Structures are given as C-alpha cells and as structure tokens.
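A short worksheet on the structure shown next.
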Amino acid sequence: MAETALAQVMAELAELEDPKTREVNERHGDDHGVNLSKLRALAKRLKTQQELAGQLWKTDDTAARLLAILICRPKAFERDELDAMLREARTPKVHDWLVNYVVKKNPHSEELRLAWSADPDPVVASAGWALTTERVAKKPDGLDLTALLDVIEAEMKDAPDRLQWAMNHCLAQIGIERAEHRTRAIDIGERLEVLKDYPTPPGCTSPFAPIWINEMVRRQHAE
C-alpha cells in the first residue's frame, strides 16, 4: 500500500514538472521544476503522512523532498535524524524549508542550533545561524548578543555565501530587535559592506544590514 502511494505521488510530481520553472529554479541551485503553489496544493490534499514523508525523502528527488517536508510531523524526528537530513539536503530550497518548517518546530532545535553553529561545514553552520536568528526574534533570553556580534564582526566578511547570508540576517535581526545593540549592528554592517551592492527589486528592502535595520525600525515606529 505504502509503495503504491509513493509511486502515485512520484507520478503526480512528474506530471507537475515544468521546464520553464526548472530553468528558473536551477539558476538558484534548485534542481526541480514544480511550481511551489501546486506542490503546496498537493501537500494539502495528502495531509500529514509521516511514513510517506520518509519514503519521499529517501528518493533524493528535490521536489519529493520539498513535499516530504510539507507532509511530515516536525516533532516526530529524533535529533540525529534531522542532523543527517540537513547534511543530505543538497539544494538551498530543501535546506531552507527543512530548517524553517521542521527543525524550528522540533524539540531538539536548540541542541541542533548549538551543534550546527560550530560545524566546520559552512552550509551546516548557516543552519545554526538561521536558528540563532529565530531565537533573537522570538526567545532572546539567554543569548549573548555581544558575543554573537563579535563573531559576526570577525567572520562574516570572508564567510562563504550561504553562511555569510545567514550571519548577515542575524546581524540585521539583532539591530532590528534590540535598540541597545542597534548602533553597533549598523556600524558593523557599514564597515564590512556585506551585500551592500546586492541587486534589490523595486519595492523590496535591501539585505544590506544598515538599510534593512533602519527600514524595519522605521516601519515599527510608523505602526
């Protein structure tokens, strides 16, 4: 029964494959051609199915793994399972969804945050920084924000892209959320100039930390 379900879902994903969507996704390192709205609609129909999610993940197919993330039970995974899954997540979208939709809701998230932040693999470390950014925003108690800013100041400029992006997001979040650290966060951003020239579409906020911080604080005060 389970094998039949897997075969049916994989066939449905194959039908949703669109060459133009794949071409756009591949520019961002994501090797799949399924429209994400259609993928979410399929997940909504399937509802939560932990066993099927596990089978979809094992296919190593990007669209199947994204679907697995949407239909799994985030709290059902053990710490080592999530650690292995993150290291297997080959593409940026699978990595990001796994961290945001599964790990953040899992009881082992804090343990993994600490382990991943210290990992020598920069992509794994970027997941640790993403979880740290979440804590800055939602549960800052117990975090040493001064120490985090020290690390960002020392390491962000020369960090590989994915890790640099995650550290920059954490820098901006500290500046946005914590008025007492805002001046230093902006100063670090201005001196390091990380993502200063990042192409930003009209109507979007630049990821350059000083602009990002000032804009979000302005919006908070305007509300």
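The values are calculated or read from the model by the stated rules, or taken from the named source; none is laboratory data. Quick caveat, the model's predicted, so the values are computed rather than measured. Backbone-built Cβ (ideal geometry, glycine too); neighbour counts: all protein chains shown. Just the protein is used for accessible areas: all its heavy atoms, side chains included, with ligands, DNA and RNA removed. Shrake-Rupley method; radii C 1.70, N 1.55, O 1.52, S 1.80 Å.
Select, from A179, A166, A185, A172, the only residue that is over 24 Å from S117 (Cβ atoms) and among the aliphatic types (A, V, I, L, M).
That would be A179, the only listed residue that is over 24 Å from S117 (Cβ atoms) and among the aliphatic types (A, V, I, L, M).
Please name all residue pairs, on different chains or six or more residues apart, with Cβ atoms under 6 Å, provided the first residue is in region 28-49 and is over 13 Å from E17 (Cβ atoms) and the second residue is open to solvent by less than 60 Å² (accessible area, probe 1.4 Å) and not in a loop (DSSP other than H, G, I, E, B).
Pairs found: G29/P92; A43/L67; A43/L70; A43/I71; L46/I71; T48/I71; Q49/I71.
Suppose we filter region 194-205 for residues that are open to solvent by less than 90 Å² (accessible area, probe 1.4 Å) and under 23 Å from V151 (Cβ atoms); how many remain?
Residues in region 194-205 being open to solvent by less than 90 Å² (accessible area, probe 1.4 Å) and under 23 Å from V151 (Cβ atoms): 2 in total.
Could we say that Q220 is open to solvent by 80 Å² or more (accessible area, probe 1.4 Å) and among the polar types (S, T, N, Q) here?
Spelling it out, Q220 is indeed open to solvent by 80 Å² or more (accessible area, probe 1.4 Å) and among the polar types (S, T, N, Q).
Do any helices (runs of 4 or more DSSP H) entirely within region 10-124 hold 1 or more residues that are among the aromatic types (F, W, Y), within 18 Å of the chain's Cα centre (by Cα) and buried (at least 18 other Cβ atoms within 10 Å of the Cβ), and if so, which?
Those helices (runs of 4 or more DSSP H) span 50-58, 92-97, 109-117.
Run down I174, I186 and say which single residue is part of a helix (DSSP H, G or I), open to solvent by less than 40 Å² (accessible area, probe 1.4 Å), touching a Leu at 6+ places or on another chain (Cβ under 6 Å) and at pLDDT 95 or above.
I174
This table checks each residue for (1) open to solvent by 30 Å² or more (accessible area, probe 1.4 Å); (2) in contact with a helix residue (DSSP H, G or I) (Cβ under 6 Å, 6 or more places away or on another chain).
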residue: A130; (1), (2): yes, yes
residue: T133; (1), (2): no, yes
residue: V136; (1), (2): no, yes
residue: K139; (1), (2): yes, no
residue: L145; (1), (2): no, yes
residue: M156; (1), (2): no, yes
residue: W165; (1), (2): yes, no
residue: H169; (1), (2): yes, yes
